[in-house]
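Student: One structure, pasted below without further comment.
What follows draws every value from the coordinates through simple rules; no lab data is involved. Keep in mind it's a predicted model, so treat the numbers as computed, not measured. Here the Cβ positions follow ideal geometry from the backbone for every residue, glycine too, while neighbour counts run over all protein chains shown.
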Protein chains: 2
Amino acid sequence: MSDEGMLIIISGPSGSGKGTIVKKLRKIDDFAFSISMTTREPRFGEEHGVDYFFCDRNEFIKIRDQGGFLEHAQFCGNLYGTPKFYIDEQIKKEKFVVLEIDVNGALQVKEKIDNCILIFVIPPSIDELKKRLVGRNTETPQKIMDRLARAKEEVKLIYGYDYIVVNDDVDTAVKKINTIAKAERLRPARNKFMIKKIIGGD
Amino acid sequence: MSDEGMLIIISGPSGSGKGTIVKKLRKIDDFAFSISMTTREPRFGEEHGVDYFFCDRNEFIKIRDQGGFLEHAQFCGNLYGTPKFYIDEQIKKEKFVVLEIDVNGALQVKEKIDNCILIFVIPPSIDELKKRLVGRNTETPQKIMDRLARAKEEVKLIYGYDYIVVNDDVDTAVKKINTIAKAERLRPARNKFMIKKIIGGD
């Protein structure tokens, strides 16, 4: 029997570029991705089991009441959750399972899941973060101010994280996350079967 | 001001190949190496400040009594110690300072030095370890048996280490240690100045 993979949680303020990083990580074989479950209607082109697990409200509540979600939330009247079963499946396949989640949610998951890795993605400066939020051209000045204020609050939680990745260049940030995953794979607690095999080799 | 380097302790049973790994790490720029202080006479070609810091017994005892050694021991009537000042110097230069030390010593240093990294180098199997010890052709059969017995005891301490590196191929092992160092550089506690700079950028 082999040793297992691990859950890697990627978090950071809005505008830190964590979404782009996660998209690039998809191209690396060792990584798998958490798929959310939702009660909202599929949008055009969205696939069940790829973009989301779509389900009705009753089903969602049943899974929630059985403790089947790592975390869940309501948004615009729809329920969203991170189902544990899929993450467990991927970890057993020795994958680094990536979960992108907001800063507070990440710290909550860390408390529940032993051995998961928390990575904080941070922009090179608050000024750069402001530039990125303005550059999106989708937010009102008030919303940008709100996001910046929130980012400053979120950054205060950085010491609760295992690693910090400054996102000044997406490819470098992706490489760093790959390095973290590879190093974490070398923890004694993640190599119990191998250690047993080596010692038992006599 | 920038953030500092770190102390990386490489340990493992006799025959694990840790010495060869450390020699290869010397070729990587980011790494520096702890230099021992000793009261023994320099051998031909050995240089002060390169191979060892050579000193007399009085000087050694003075440094020892001032708490200037990370660890020290007597061997064949000579005193050996790991002076802290040199390690501190290199850490301030942002180097990964490598210290090769036996398994028990390593765990003792870990207790004294915050934030140092312990890496256990292990052979791919006890059989392979035996082969390597026999292959050296420098040890009596009794000594080989002693070393194997000791190795088995040492491996039991592996869960007190931060990382494990199986040495089935030296270059792969070196690469893994480099990966560990790079990942550890991304710990929030090792980036306090940078975090302050990013947050203070407003």
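Student: Enumerate the whole-percent occupancy of each 10 Å bin, from 0 to the last occupied one, for all C-alpha pair distances of chain A.
Tutor: Result returned by the calculation: 8, 30, 35, 21, 5, 1, 0.
Student: How far is helix A:126-136 tilted, in degrees, relative to the longest principal axis of the Cα atoms in chain A, given as a value from 0 to 90 rounded to the nearest 10?
Tutor: Tilt of helix A:126-136: around 70 degrees.
Student: Using Cβ contacts closer than 10 Å as the measure, can you line up A:T20, A:T179, A:T172, B:T138 from fewest to most?
Tutor: Arranged by neighbour count, lowest to highest, A:T20, A:T179, A:T172, B:T138 become B:T138, A:T172, A:T20, A:T179.
Student: Could you put B:S16, B:S125 in order, starting from the residue whose Cβ has the fewest other Cβ atoms within 10 Å?
Tutor: On the way: B:S16 27, B:S125 17.
The fewest-first ordering by Cβ neighbours comes to B:S125, B:S16.
Student: When only DSSP loop residues count, what trypsin sites (Lys or Arg not before Pro) in the stretch B:1-39 have their Cβ near at most 15 other Cβ atoms within 10 Å?
Tutor: B:R26, B:K27
Student: With +1 on the Cβ of every Lys and Arg and -1 on the Cβ of every Asp and Glu, and nothing else charged, how large is the dipole of the stretch B:85-193 about its Cα centre, in debye rounded to the nearest 20?
Tutor: Charge dipole, the stretch B:85-193, about its Cα centre: 220 debye, nearest 20.
Student: Please list, in chain and number order, the residues 5+ apart from B:E71 or on another chain whose amide H is under 5 Å from its amide H, with Hs placed from the backbone.
Tutor: B:T82
Student: Calculate the tail of P(r) for the stretch B:66-162: the fraction of all Cα-Cα distances greater than 17 Å, expressed in %.
Tutor: Tail of the P(r) past 17 Å holds 63 percent of the pairs.
Student: Going by a ≥ b ≥ c, the root eigenvalues of the Cα gyration tensor, does the stretch A:21-69 fall in the rounded group (a/c under 1.5), the prolate group (a/b larger than b/c) or the oblate group?
Tutor: oblate
Student: For A:K27, which inter-copy label distances result when the label point lies 7 Å beyond Cα on the Cα-to-Cβ vector, reported in nm to one decimal and in ascending order?
Tutor: In ascending order, 3.0 nm.
Student: Would you kindly work out the equivalent ellipsoid of the protein assembly as shown from its C-alpha gyration tensor and give its semi-axes, the square roots of five times the eigenvalues, largest first in whole Å?
Tutor: Its equivalent ellipsoid spans semi-axes of 47, 27, 16 Å.
Student: Of A:C55, B:C116, how do they rank once you tally other Cβ atoms within 10 Å and put the fewest first? Present the calculation step by step, with values, prior to reporting the outcome.
Tutor: On the way: A:C55 18, B:C116 21.
Final ranking by Cβ density, sparse to dense: A:C55, B:C116.
Student: Now for a different question. Can you pull the Rg over Rh of the stretch A:35-93, Cα-only, Kirkwood?
Tutor: Expressed as Rg/Rh, it is 0.97.
Student: Filter the cross-link list A:K93/B:K196; A:K182/B:K27; A:K92/B:K131; A:K95/A:K131 down to pairs whose alpha-carbon distance in this structure exceeds 31 Å.
Tutor: A:K93/B:K196; A:K92/B:K131; A:K95/A:K131
Student: If amide H atoms are built 1.01 Å from N in the plane of the peptide, which residues on other chains or at least 5 residues away come under 5 Å of the amide H of A:I122?
Tutor: The answer is A:V165, A:V166, A:N167.
Student: How tilted is helix A:103-112 with respect to the longest principal axis of chain A? Cα atoms for both, answer in degrees (0 to 90, nearest 10).
Tutor: Here the helix axis deviates by roughly 20 degrees.
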